[in-house]
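Note sheet for the following structure.
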Amino acid sequence: MRREELTVLRLRVNFGVYIVGAVLLSLVAGFWHFQIAQSRRFVELADKNRFKQIQIIAPRGRILDRENRVLVDNRPSYNVVYVREGAQHSLEELAALLGPGLDMSLEDFKERVDKSKNEPKFRPIILKEDVDVPDIAFINARKLELRDEVFVEYQARRKYLEGDLAVHAIGYTGEITPDELKNKDPKLYRSGDQIGKFGLEQRYDAILRGKDGYRLVIVDNRQREVEQPGYEQPVGGNDLHTTLDLDLQRAAEAALGDQVGAAVALEVSTGDVLVMASKPGFDPNLFATRISASAYQELNRDPRKVFRNRVIQDHYAPGSVFKIFMAAAGLEAGVLDPLDHVNCTGVVTIDGVTKSCWKAGGHGSVGLYEAIVNSCNVFFYNVGKKLDINRIAQYAKQMGLGRKTDIDLFGEDAGLIPTPDWKARVYRTKSKADQKWYGSETLDVSIGQGAVSVTVLQAAWAMGGLASGGRLLPPHLVDPGTLDKDGFVTQKLVPSQYTIRASTVDVVSRGMWGVVNEGGTGTRASVDGFDVAGKTGTAQVVGKKSYGKDEDFEDNAWFVGFAPYRNPEIVVAAFVEHGGHGGTAAAPIAHAILDTYYRKKTGQFGAQANGPIAQVKP
Amino acid sequence: MPAPLEARSFGKDFDWTLFGAALLLALIGLTEIYSATMNIPGDVSFMKQAIFVTAGIALMFVIASVDYHSVSEHIPWLYLGSLAVLIYTPLAARRIAGAKSWIDLGPVSVQPSEIIKMVVVVAMARYLSDLHMKGYLTLNQILKAAVICAVPMGLILLQPDMGTALSYLPILGVGLLVRGLRPTVIVSVILIVVLIVPISAFLLSDYLKAHQKERLLTFIDPSRDPQGKGFQVQQSKIAIGSGGLAGKGIFKGSQNQLGFLPARHTDFIFSVVGEEMGFIGVLGTLGLLGFVLFRSLHNAQTARDSLGLFIIMGVVGVYFFHLVVNVAMVIGFFPVVGIPLPFLSYGGSSILTAFIGLGLVINVRRRRYVN
């Protein structure tokens, strides 16, 4: 009985051997799947766990003026950042712990975190940027509680040493947007990068930005660094040597003061932009630290449009400044003789249209010289009538108006030199009468009114070209030659030359000398010892003004001039929106620039307490 | 009754091969426990485990030398005393991971529900061997056997510790199967398990504790909660998979050393083996565990009487259950239940239980030739 019982039991135990064997084999098959068949995938996952690549941001190049004075530098700065991955505290707990010390409410915390909630969890979110020493001490004192959740992180920031000086030329930087990222080389640009957004910062971003380095670190499960198996040093960006002259720029902006307007100065022989001033401006340092939405809105809502570079982005009727180009065109076309005289009675009727001179009662008998000095409208109506609109346009374009100068900034406006074809095209949906070009419109253009418009840069550039005998060089804030030295491939500046007789240049220049030096409208631009030649413009403003109360429809004021009047070195254009008369509003700005230029040239300009001078490569 | 049995020479009859395999497993476990905790300053897991292994081996020799028949004779009060301890445990215990299953004994804490498993093994063996029959079990007998297992299980569920409670089931299951169940009953039970258990798990999910429900749902979809239980399994799979054929080297597993692997010296010790020793180490460890099981099954077949056979089969059932559930868990084939791997996982109670079981198996083997 016992034996039989045991025999049966042993048979059943034997069955267990097969069960155990089968189960062990299937487990081995499972490990085969993970460790042999799929091993490569899990090796990658294990590496992803432990390797972290930490970007080291390359310092951006500085921006210098033509005498290597630093306009833009970098400064060290610290942010308080928060990492959500593996966070031990809720946002409420953090706000209670850090809110009082950082002067932030729970709502502030939530706002910051919500903005970045779609980003990867390991990426630090900035809770407070550009913190000061007490904030840093406050966070570091709580290191034990905060672990690697909230900490202080270094970040270099842009420092605009001169504040809003030349801000429209220099520009500012900001974080790259998803749209911008789409059009960039993904090897060089990454989400979160600071890039140039405006001005030279934007135009020469590739030169200013360096190549970021990185640290490859091994981290443990709490993201603490254990080892650093890889390191690549960041390569700093190149300094940008601009053609701007800090002294002249300061003089120009001081003279512009609180007025809305612009001034530009070019070196005639090279096309170097010495001054590019547009007012009102803004402080680009606001963008170096994250600008608050309300501060940005306030700037953006300013009816004076602070972000517009009035030197290149806006175009205005040139007014009487245009008469210089009319005179040159008339002389070159042979419709005007330097000895021609016209009797100005204050009123003139041409082709049945009656037009008046700005001076009631007229200027009497005027020759070309008097017509320029006194800015006689009647004289130039006659020139315009003889030239006709198409020839006016042809000469104006040749001399550099109505087309882009190709300056090295984005967003340049081309201005407009109207023709009958242009009008027919623009008014093609309107009636035939609207499309027709009228003789009176030619007369308006002749004195720089009507549809004709130029940018402030064009006015200076074309005037410089005319004064230097038809030689036009693309204006630039950075000489491509200086970039070649740093190994960048750039396009050479190729001067163009149009034909103009020396006698024409001579006659026109003499007239402009008279404007400034012989009791003309531009007397206030004169500089003792420096033969300044120029022309004022007082352009009527058509349409409603967008700002201001008392000075509705006040004229726009212009002054365009160069010096010395023979073999000119520098050409200047100054413009004041609704400034009134060119001679009183714009000429003093030109004077400030030319006077400073002349004093520097003759060694009378005292060494001033300027910003730091950069050490530069020889 | 047979005359009192005196074992022959201890050294000659002792199952040194079986003990050698178990010792090797314990050494692999100690190596990887050291590897898993060497970066934690002040951690004494390795030293504690070494002491427990030594204590376990001593206990094994003691148990191997006392005749299992006399153990069986003392089983009624041992069983009742165990129930008393299980009732006392949740009253005196500290709460660890949501369960009150530990009691402090001076410098160490003990998990009585682990060690008591071996008391139930002997109790079950005694009941089943006393039946002395050749045919199939009656319903009445099945129910009586079930009660022996169900009472301590129920007490453990109250702690609540479902993982340990479940590890009592194989004692009943293996015992009944070896004693003899009607094929129709076996087929019906399999059908019930296959069909009804998953359905009722959902229907009864309201009665499950939150962490149990969590584990079940995570098993069904491991990507559900990447930072929670599913995260553990995912990290365990990464550790094992990245170990490859030969492993990353002992003390060199990145998942282990950098702390990505959870519970790495306790329930997930086998992941460390997989990462640092690779597929070769896994084969070796599973081979040793398999050897312990096969050798024990062989010892069961050569047992002198049915009591010895049932004792060994109870121990085999417990070992096998722990092995399958733990190893399947670390590669995501089974939900995360807190069940240690015998001889390898860190834990004094687990190690003592494993060596007590080994002592029982060797005890039975030593007395196989008498009669």
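Just so it is clear, none of the values below were taken in a lab; they were calculated from the coordinates. Just so it is clear, the model here is predicted, and its values are computed rather than measured. For neighbour counting, all protein chains shown are included, and Cβ atoms are generated from backbone atoms with ideal geometry for every residue, glycine included.
Some notes on this structure:
- Given in Å, the Rg to one decimal and the Dmax to the nearest whole number for the Cα atoms of the stretch A:1-114 are 33.2, 116.
- The order of the peptides A:420-431, A:189-200 by mean Cβ neighbours within 10 Å, most packed first, is A:189-200, A:420-431.
- For A:Asp479, the residues whose amide H sits under 5 Å from its own are A:Thr243, ignoring neighbours fewer than 5 places away on the same chain, with H placed 1.01 Å from N.
- Which of B:His132, A:His341 has the fewest Cβ neighbours within 10 Å, and the rest in rising order: B:His132, A:His341
- Taken over the stretch A:60-169, the convex hull of the Cα atoms encloses 137 Å³ per residue.
- The P(r) of the stretch A:168-207 has a tail past 15 Å containing 35 percent of all C-alpha pairs.
- Direction-averaged projected area, Cα convex hull, chain B: 19.1 nm², rounded to one decimal.
- Listed residue (A:Val373, A:Gln497, A:Gly261) projecting farthest to the positive dipole end of the stretch A:246-601, Cβ model: A:Gln497
- Reachable lysines from B:Lys100, criterion Cα separation under 26 angstrom, eight or more residues apart if same chain: B:Lys48, B:Lys117, B:Lys209, B:Lys213, B:Lys229
- Helix axis angle, B:229-243 relative to chain B longest principal axis, alpha carbon, degrees: 90
- Ordered by the count of other Cβ atoms within 10 Å of each Cβ, fewest first, B:Ile57, B:Ile192 give B:Ile192, B:Ile57.
- Computed from the Cβ-Cβ distance with R0 of 45 Å, the FRET efficiency linking A:Leu188 to A:Glu92 stands at 0.65.
- Cα Rg over Rh - the stretch A:115-220, Kirkwood: 1.01
- Cross-link reach list, lysines versus A:Lys600, counting only Cα pairs under 27 Å and skipping chain neighbours closer than eight places: A:Lys279, A:Lys535, A:Lys617
- Using C-alpha pairs below 8 Å separated by at least 6 residues, the relative contact order for chain A is 14 percent.
- Projecting the Cα atoms of B:Gln159, B:Phe321, B:Gly247 onto the dipole axis of the stretch B:10-366, where Lys and Arg carry +1 and Asp and Glu carry -1 at the beta carbon, places B:Phe321 farthest toward the positive end.
- Normalised contact order of the stretch A:263-367, rounded percent, pairs of Cα under 8 Å and 6 or more residues apart: 16
- Shielding score for B:253-265, defined as the mean number of other chain Cβ atoms within 10 Å: 4
- Assigned charges on the beta-carbon of Lys, Arg, Asp, Glu; the stretch A:60-169 dipole about Cα centre (debye): 480
- Quotient of the Cα radius of gyration of the protein assembly as shown and 2.2 N^0.38 Å, N being its number of residues: 1.56.
- In this structure the amide hydrogen of A:Lys305, modeled in the peptide plane, comes within under 5 Å of no amide hydrogen from residues 5 or more places off or on another chain.
- Each of B:Met38, B:Met162, A:Met326 has some number of other Cβ atoms within 10 Å of its Cβ, and from fewest to most they run B:Met38, B:Met162, A:Met326.
- The angle between the Cα long axis of helix A:106-115 and the main principal axis of chain A comes to about 80°, on a 0 to 90 degree scale.
- Taking the Cα centre of the protein assembly as shown as origin and assigning +1 to Lys and Arg Cβ atoms and -1 to Asp and Glu Cβ atoms, the resulting dipole is close to 3840 debye.
- Put simply, when B:148-156, A:88-96, A:125-133 are sorted by average Cβ atoms within 10 angstrom per residue, most first, you get B:148-156, A:125-133, A:88-96.
- Here the relative contact order of the stretch A:60-169, from alpha carbon pairs under 8 Å that lie six or more residues apart, stands at 43 percent.
- The stretch A:361-408 pair-distance distribution - Cα-Cα, 10 Å bins, rounded %: 23, 36, 29, 11, 2
- Net charge over other residues, Cβ less than 10 angstrom from the Cβ of A:Val268 (K, R count +1; D, E count -1): -2
- q = 0.14, 0.15, 0.19, 0.21 Å⁻¹, the stretch A:409-473: log10 I(q)/I(0) [Debye, one scatterer per Cα]: -0.56, -0.63, -0.85, -0.94
- Among the listed pairs A:Lys359/A:Lys423; A:Lys323/A:Lys359; A:Lys386/A:Lys436, those whose Cα-Cα separation exceeds 23 Å are A:Lys359/A:Lys423.
- Remark on the stretch A:225-339: Rg and Dmax equal 22.9, 90 Å (Cα only).
- The stretch B:90-185 pair-distance distribution - Cα-Cα, 5 Å bins, rounded %: 2, 12, 23, 19, 14, 11, 8, 6, 3, 1, 0
- Nearest-ten-degree value, helix B:348-366 long axis tilted from longest Cα axis of chain B: 30
- Within 10 Å of each Cβ in B:230-242, the average number of Cβ atoms from other chains: 5
- Value in Å of the Kirkwood radius, where the stretch B:51-121 supplies the Cα pairs that are averaged: 13.7
- Across the stretch B:176-183, rounded Karplus estimates of 3J(HN,Hα) from the backbone phi angles (6.51 cos²θ - 1.76 cosθ + 1.60, θ = phi - 60°) give 5, 4, 6, 5, x, 10, 4, x Hz, Gly and Pro being marked x.
- Average other protein chain Cβ within 10 Å of Cβ, residues A:43-53: 5
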